[in-house]
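One structure is given here, and the rest of the page talks about it.
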Amino acid sequence: MRLKVCGMKYQENIEQVATLQPDYLGFIFYENSARNFDSKNIPKVNKSIKKTGVFVDASIDFVIEKINNHNLQAVQLHGKESPENCNDLKHRHAELDSAPYPLEIIKVFSIKDEFDFSVLKPYEKSADYFLFDTKGKLPGGNGYTFNWNVLNNYPSTKPYFLSGGIGINEIEDIKRFAKNKASKYCYALDVNSKFEIEPGLKNISILKEFKKNLSEVLENKKEKAMNYNVNEKGYYGEFGGAFIPEMLYPNVEELRQNYLKVMDEPEFKKEFDKLLKDYVGRPSPLYFAKRLSEKYNTKIYLKREDLNHTGAHKINNTIGQILMAQRLGKTRIIAETGAGQHGVATATVCALMGLECIVYMGEIDIARQAPNVARMKMLGAKVVPALSGSRTLKDATNEAIRDWINNPVNTHYIIGSAIGPHPYPDMVTRFQSVISEEIKWQLKEQEGRENPDYVVACIGGGSNAAGTYYHYLHEPDVGIVAVEAAGLGIDSGESAATSVLGKEGIIHGCKTLLMQTTDGQITEPYSISAGLDYPGVGPMHAHLSKTGRAEFMSITDSDAMEAGLELSKLEGIIPAIETSHALAIFKHKTFKPDDVVVMSLSGRGDKDLQNYIEYFKI
Amino acid sequence: MNRINKKLKEDKKLLSIYFTAGYPKINDTVSIIQNLEKNGVDMIEIGLPFSDPLADGPTIQDSSTKALKNGMTTEVLFNQLQDIRKTVNIPLIIMGYFNPMLQYGVEAFCKKCQEIGIDGLIIPDLPVDVYHEEYQTIFEKYGLINVFLITPQTSDKRIHYIDSISNGFIYMVSSASTTGAQSGFGKEQTSYFERIGKMNLKNPQIIGFGISNNETFTQATQYAKGAIIGSAFVKHITNKGINSIKEFVNSILN
Ligand SMILES: Cc1ncc(COP(=O)(O)O)c(C=O)c1O
């Protein structure tokens with residue numbers, strides 16, 4: 001858990017408390033409080049400490065002014081602020097140029113002996129954290145604890161701060177609480193009045209003692225392993241970030257500042273949903289694969305992304321990004337593609353919107369994937385061969401990035417997977433999350449429950465997987481299986497199994513697992529499936545792998561091809577070879593008869609016909 | 001005082017040359033450096049080749065690919081440079097992408113640079129904020145100057161931020177482009193140079209990208225402390241060999 005020390009007031013005292021390295025320091029901007037912070041400046045404290053402004057029903061202008069003046073990274077709202085107020089504040093903050101990172105919003109709720117948790121629901125999207133305080137006469141600082149057992153019924157997965165009357169006498173209670181289920185989402189302890197000599201003046205030695213006695217609890221910053229979503233700096237655990245040349249900074253920064261705001265606009269949502277429905281053909285069916293289930297003696301559901309327009313999940317993302325590009329006033333679209341699926345999906349939406357489209361594709365892939373090259377051209381896109389390096393997907397991505405550097409004003413780069421610099425992995429994941437959003441209600445209809453026992457997807461960069469997992473990431477009873485391409489075998493030297501063969505490093509602007517030499521040169525992967533033939537993996541998946549949240553499996557070319565043929569014969573569905581990798585796990589992993597396994601059928605096999613024909617001599 | 005800072009104090013316009021280590025031949029590194037110094041170049045950027053150089057155009061991509069094929073690695077480069085300070089006095093900067101440094105170990109890399117007598121680093125894909133938060137103390141511990149890029153799109157506010165973190169010079173990218181992408185400066189660029197000139201930054205600026213001959217060098221140095229030539233030099237030695245360095249430097253300076 002983290003530590004927040006609240007109600008700081010005096011310069012020297014602030015500096016002293018800062019030397020104890022709490023995670024947050026709180027400053028109350030509320031005239032009626034004895035701890036109202038009225039000095040001109042907050043002294044300089046270590047950057048790792050988040051300065052938090054505490055407000056009670058203050059006006060947005062007032063809050064923004066304090067954020068600006070004091071460089072606050074978080075605000076804690078103690079009054080009757082509505083979810084809309086929180087959103088407005090976020091948006092106003094994002095417009096400040098002094099805002100390097102999104103503002104953290106902590107919404108406070110007061111608890112006595114019981115609490116109606118349904119009041120949290122409207123804040124799920126607008127607040128980053130909840131804070132639970134003791135209900136009493138004052139808005140905070142009442143000096144006694146509430147009954148923490150109430151939190152046994154905490155229905156959310158949002159991390160929360162535990163507050164209210166915590167002092168040196170609560171150390172044993174906290175230790176017990178930390179072992180208890182109720183603390184699962186407890187992100188931080190918030191302390192104040194019990195450490196004071198007088199209001200606003202903290203007793204350093206008692207704080208020090210508290211911190212020392214609780215070191216085990218406080219050093220276990222377990223939400224790192226528990227939070228699988230991106231944090232405010234663009235990291236999933238230790239992976240992610242934006243390692244980009246300065247030339248790209250304005251573009252990526254513009255996107256970062258706007259993507260959540262735009263995706264939140266009702267008009268945007270409406271247009272996105274409508275296109276997914278009328279143009280893409282969503283919702284895609286969740287199909288119970290009866291004969292496949294019989295064969296493997298378990299219950300297998302296939303999420304039919306192959307039935308989408310253009311034949312794969314890729315279009316969910318390109319629809320979202322083209323609308324984003326329009327909102328940002330961009331007129332020229334670039335993309336990279338490997339097998340051509342993402343290139344086709346991008347060319348399609350550009351035709352739909354009448355925007356110029358340039359697709360970079362490795363020279364070797366252009367030769368391997370002639371039908372998709374022809375489709376892109378028919379759709380009006382220009383296909384530019386990537387001639388550098390190994391002339392495949394990674395080089396096509398390099399070329400697209402270079403194009404963006406050379407065209408910084410009018411161009412939007414539609415990345416095709418959950419990779420690249422922040423905010424791309426998160427943005428792509430959110431657009432693809434429609435997959436698991438639908439699975440939830442579809443499974444409820446068919447099985448009477450929203451949560452399957454497993455969700456399974458193949459991983460190239462990880463976009464169909466991210467979308468399939470998204471709404472289940474924080475559901476511990478749902479197992480996550482990620483399937484990578486082993487190529488000719490993990491140890492063959494011809495493989496794309498990044499989670500096994502990769503090491504932490506930087507590729508295409510993010511820190512993640514990637515295949516590389518000991519010298520840090522990125523190596524060329526191999527898989528029979530062009531869509532899985534990428535030397536890295538999205539940062540979210542690197543995190544899922546590292547934390548053990550997902551089970552990673554690798555499937556060879558031959559197992560995948562057999563599984564593709566099997567699905568064709570058993571269910572009358574010819575899958576893309578990428579998808580065939582996911583299907584092949586049933587040969588290697590045994591599920592229980594009553595397990596419900598939902599698999600993303602990410603694409604159809606039309607594009608791979610030639611490969612199947614040659615492989616099976618059909 | 002760091003050699004870069006000393007050099008920047010000299011009352012002249014500076015010519016800095018970039019080349020890719022390990023190209024055209026794996027063992028050309030030392031002789032290229034010595035020749036550049038001998039012929040009046042003020043500062044050198046030694047390119048540590050990378051498999052995926054995002055900010056570079058075709059010329060430097062190509063020299064990097066060939067250098068890697070020739071067997072260039074971080075270790076090999078450090079070995080080649082081991083005794084460089086016995087013969088060379090001008091500032092030496094290593095320019096490379098971040099991943100190879102990360103794999104070598106950032107601290108080990110910096111330590112080795114100090115041992116050899118490298119004065120600074122240019123790492124295009126290490127953003128200033130990450131440097132500031134995670135690596136600045138390490139770089140400073142080993143006396144290295146880290147150089148940041150700015151472009152015509154960089155906001156004034158960010159330029160001031162970059163200026164505050166820098167302690168050598170600011171690498172002013174002449175236009176929104178990868179390396180080697182253009183020739184000659186138009187009105188748009190000169191007004192950008194002027195705009196930056198008027199900002200009274202604490203660090204002097206050196207202009208790079210798109211400088212290829214005497215004309216562009218002269219033009220750039222009207223607005224800045226110096227200029228950096230990369231692709232044009234790499235092209236020159238590709239065509240004429242490393243024995244023609246004198247010819248190249250003379251063509252720029254006269
Ligand atoms: C059908 C299909 N599935 C999966 C993938 C792999 O991409 P991702 O991991 O981003 O879902 C691709 C990529 O081209 C694909 O076409």
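Charging the Cβ of each Asp and Glu at -1 and of each Lys and Arg at +1, and nothing else, the dipole of region A:2-224 about its Cα centre rounds to 660 debye. Helix A:341-353 and the longest principal axis of the C-alpha atoms of chain A enclose an angle of approximately 80°.
The ranking of A:HIS471, A:HIS342 by Cβ neighbour count inside 10 Å, starting from the fewest, reads A:HIS471, A:HIS342. Based on Cα contacts under 8 Å between residues 6+ apart, chain A shows a relative contact order of 11 percent. Taken about its Cα centre, chain A carries a charge dipole of about 620 debye when Lys and Arg each add +1 at the Cβ and Asp and Glu each add -1 at the Cβ.
Among the listed pairs A:LYS9/A:LYS175; A:LYS233/A:LYS261; A:LYS125/B:LYS157; A:LYS44/A:LYS125; A:LYS47/A:LYS90, those whose Cα-Cα separation exceeds 25 Å are A:LYS9/A:LYS175; A:LYS125/B:LYS157; A:LYS44/A:LYS125. Place +1 on the Cβ of every Lys and Arg and -1 on the Cβ of every Asp and Glu in region A:2-224, take the dipole about the Cα centre, and give the residue among A:LEU77, A:HIS93, A:GLY143 whose Cα lies farthest towards its positive end. Projecting each Cα onto the dipole axis, the largest value belongs to A:GLY143. Of the residues A:ILE522, A:ASN372, A:SER388, the one whose Cα sits farthest towards the positive end of the charge dipole of chain A is A:ILE522 (charges of +1 on Lys and Arg Cβ, -1 on Asp and Glu Cβ, taken about the Cα centre). At a Förster distance of 45 Å, what's the computed FRET efficiency of A:ALA367 paired with B:GLU140, Cβ-Cβ distance as r, to 0.05? The pair A:ALA367/B:GLU140 has a calculated efficiency of 0.35.
Checking Cβ-Cβ separations below 4.7 Å across the protein assembly as shown identifies A:CYS6, A:CYS86, A:CYS186, A:CYS458, A:CYS510, B:CYS110, B:CYS113 as cysteines lacking any candidate disulfide partner. With 0.36 nm allotted per residue and the present C-alpha distance subtracted, the A:GLU95-A:ILE613 stretch has 181.0 nm of extension available. Each of A:GLU198, A:GLU571, A:GLU504 was scored by other Cβ atoms within 10 Å of its Cβ. Listed from fewest to most, they are A:GLU198, A:GLU504, A:GLU571. Computed from Cα atoms, the angle from the helix A:314-327 axis to the main principal axis of chain A rounds to 60 degrees. Coupling constants for region A:180-197 follow from the phi torsions by the Karplus curve (6.51 cos²θ - 1.76 cosθ + 1.60, θ = phi - 60°), and in residue order they are 8, 4, 4, 8, 3, 9, 6, 8, 7, 9, 10, 10, 7, 4, 6, 10, 10, 7 Hz; glycine and proline get x.
For chain A, the longest principal axis of the alpha carbon atoms and the long axis of helix A:60-70 meet at an angle near 80°. For region A:1-102, the set of GluC sites (Glu not before Pro) satisfying both a DSSP loop assignment and a count of at most 15 other C-beta atoms within 10 Å is given as A:GLU31.
Listed by chain and number, the aspartates and glutamates whose alpha-carbon sits under 12 Å from that of A:LYS589, ignoring those within fewer than 8 places in the same chain, are A:GLU551.
Restricting region A:15-79 to trypsin sites (Lys or Arg not before Pro) that sit in a DSSP loop and have at most 14 other Cβ atoms within 10 Å of their own Cβ leaves A:LYS40, A:LYS44, A:LYS47. Between B:MET95 and B:ILE46, B:GLY47, B:LEU48, B:ILE122, the built amide H atoms are under 5 Å apart, and every one of these is 5 or more places off in sequence or on another chain. Taking a straight Cα-Cα cut-off under 16 Å and skipping sequence neighbours fewer than 8 places away in the same chain, the aspartates and glutamates within cross-link reach of B:LYS112 are A:ASP519, B:GLU75, B:ASP83, B:GLU140. Loop-located trypsin sites (Lys or Arg not before Pro) in region A:409-480 (DSSP state not H, G, I, E or B) with no more than 13 neighbouring Cβ atoms inside 10 Å: A:ARG449. Mean residue ellipticity, 222 nm, helices only, the protein assembly as shown: the sum of -39500 (n - 2.57) across DSSP H runs of n ≥ 4, divided by residue count and rounded to 500, is -11000 deg cm²/dmol.
Sorted ascending by nearby beta carbons within 10 Å, beginning with the fewest, B:THR154, B:THR178, B:THR190 become B:THR190, B:THR154, B:THR178.
Since every read-out is calculated from the coordinates, none of them should be taken as a lab result. As the structure is a computational prediction, the values presented were derived from the model and not from experiment. Note that each Cβ is placed from the backbone with ideal geometry, even for glycine, and that neighbours are counted across all protein chains shown.
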